[in-house]
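> One structure, pasted below without further comment.
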Amino acid sequence: MTASKTVAFSRRSANVFLHVLTRCNLRCRHCYINPDQHGRQRLPLDRIERWLMVFAARSPGANLVLLGGEPTLHPDLPRVVHSARRLGFASITIDTNGYLFNDILDRVAPADVDVFSFSLDGATAATNDRIRGAGSYEACLNGIRRTRAKGFQTSLIYTVSRANLGELVEMAPLVEALGVGRFFIQVLGLRGKAAWTGCGPDDADILPVPPSEWLTQVPAAAEAIMRRGARVIYPKVFLAPEEKFECAGLVADNYFVFPNGRVYRCPLCEDYPVHSLQFRDDRLVEASRLNESDFFRLHIAEGCVMNALIQPGNIARDGDGPTEYRIACCLLKEEILPP
Ligand code: SF4
Ligand code: SF4
């Protein structure tokens, strides 16, 4: 078995995740966007550019991820990309569900966008479309092929739930056939629809997988995908007793930015008005306390404090005794590289 490497939080590089809008053409059953908290807004171009200037000054050379909603629904996305390049962002990624609206592939070049990152949640149309909606599998595969044909780098994001864990290993030949360079495995989030447990009466399988299944199946599937030529990155999720716990909110430089001006340091907090920063009149200022930054400092035996607060059922206990494992920071990743 190939050894995986835990990717420590970088204290040198910053990451800006900018939701240019929260609207989307799909209605995925596990969608992480919470309209009650973040609305259905689209940021105007001039405001996006002012906010990008703030981050370029605060964290020079940050990596920029443009997302939504579906970011290609934003008609000014190419101009956002060109502005970000001029401002010196180290890398620019566009997250997409594959529909690639507004002729985005004709309006940006591979020199502008480092990676188009596609979301797919099954190796078959039956499984993916049950989660993400009819036709979304074909749209995503077509999108990847068109993007590759234009000379762009591509990656895939696969969000693991009970509904699709069994097909994760089957992604290996598909990743190779599509020529995808990076494969991200995500754990089903504790935010958005997935956090409203089950999403609906017939959605009981859209739930996180238990630790025993995660630990036995995900690393093995990651290895199989890596052997087909992709760099594979997956969340650590559980910490062994000897492994050190760190909260990215304290040691990393990440910003999760929403059109309503909220800026979070931790994605698990996005369902609540506990953002630590806020855009006011296009200036980035501290939000009122209490907020997420107060939680980051709480040291608890279970590991991640937000997991313990939001979904205490995720922490396995033996009676009143110690926890069986600690929950790692959701931003801590394992990485395996092809030989
Ligand atoms: S998960 Fe992404 S693609 Fe799916 S509905 Fe939500 S924003 Fe759209
Ligand atoms: S997921 Fe947990 S450990 Fe990571 S930044 Fe959020 S609160 Fe901190």
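The values are calculated or read from the model by the stated rules, or taken from the named source; none is laboratory data. From a predicted model like this one, the values you see are computed outputs, not experimental measurements. Don't worry about glycine lacking a Cβ; one is built from the backbone with ideal geometry, like all the others, and counts go over all protein chains shown. Surface accessibility is based on the protein's heavy atoms, side chains included, excluding ligands, DNA and RNA. Shrake-Rupley method; radii C 1.70, N 1.55, O 1.52, S 1.80 Å.
> Among residues other than Leu52 whose Cβ falls under 12 Å from its Cβ, what is the net charge (Lys/Arg +1, Asp/Glu -1)?
Result for the neighbourhood of Leu52: +3.
> Let me ask something else about it. Quick check: with the 1.4 Å probe, what order do Tyr99, Tyr264 take by accessible area, largest first?
Tyr99, Tyr264
> Related question: Determine the shape class of region 1-103: with a ≥ b ≥ c the square roots of the Cα gyration tensor eigenvalues, call it rounded for a/c under 1.5, and otherwise prolate if a/b is greater than b/c, oblate otherwise.
Oblate is the answer for region 1-103, as a/c is 1.5 or above yet b/c matches or exceeds a/b.
> Further question: Sort Asp95, Asp46 by accessible area with a 1.4 Å probe, largest first.
Numbers: Asp95 35, Asp46 80 Å².
So, going from the largest accessible area down, we get Asp46, Asp95.
> Now, a different point. Enter the Cα centre distance for the pair region 63-115 and region 235-266, rounded to the nearest angstrom.
Here the answer is 24 Å between Cα centres.
> Going through region 243-280, which GluC sites (Glu not before Pro) have at most 11 other Cβ atoms within 10 Å and a DSSP loop state?
Sparse-neighbourhood loop GluC sites (Glu not before Pro): none present.
> What figure in square angstrom, to the nearest 10, would you give for the accessible area of Lys333 with a 1.4 Å probe?
The accessible area comes out at roughly 50 Å².
> Return one whole number: the accessible area per residue of the chain in Å², for a 1.4 Å probe.
Details: 14620 Å² over 339 residues.
Normalised by residue count, the accessible surface of the chain is 43 Å².
> Counting only C-alpha contacts under 8 Å and six or more residues apart, can you give the relative contact order of the chain as a whole percent?
Details: 689 pairs, mean separation 68.0, N = 339.
RCO, the chain: 20 percent.
> Leaving ligands, DNA and RNA out of it, report the carbon-plus-sulfur percent of the accessible area of the chain at a 1.4 Å probe.
Roughly 52 percent of what the probe reaches on the chain is carbon or sulfur.
> Separate question: When N counts the residues of the chain, how does its alpha-carbon radius of gyration compare numerically with 2.2 N^0.38 Å, as a ratio?
0.96
> Would you list Phe238, Phe295 from the most to the least accessible area, probe 1.4 Å? Kindly include the intermediate steps, with their values, before the conclusion.
Values: Phe238 25, Phe295 50 Å².
Highest to lowest solvent-accessible surface, that is Phe295, Phe238.
> Only Cα pairs under 8 Å and at least 6 apart count here; give the relative contact order of region 47-118 as a rounded whole percent.
After rounding, I find 35 percent.
> A follow-up question, please. Could you give the size of the charge dipole of region 1-71 about its Cα centre, using +1 on the Cβ of each K and R and -1 on the Cβ of each D and E, expressed in debye and rounded to the nearest 20?
On the way: 11 positive and 4 negative charges, 29 e Å.
Roughly 140 debye for region 1-71.
> So, with +1 on the Cβ of K and R and -1 on the Cβ of D and E, and no other charges, what is the size of the charge dipole of region 47-97 about its Cα centre, to the nearest 20 debye?
The calculated dipole for region 47-97 is roughly 260 debye.
> With charges only on Cβ, +1 for K and R and -1 for D and E, what is the dipole size of the chain about its Cα centre, in debye, rounded to 20?
980 debye
> Heavy atoms of the protein only, probe of 1.4 Å, neighbouring chains included. What is the accessible area of Leu309 in Å², nearest 10?
Accessible area of Leu309: about 100 Å².
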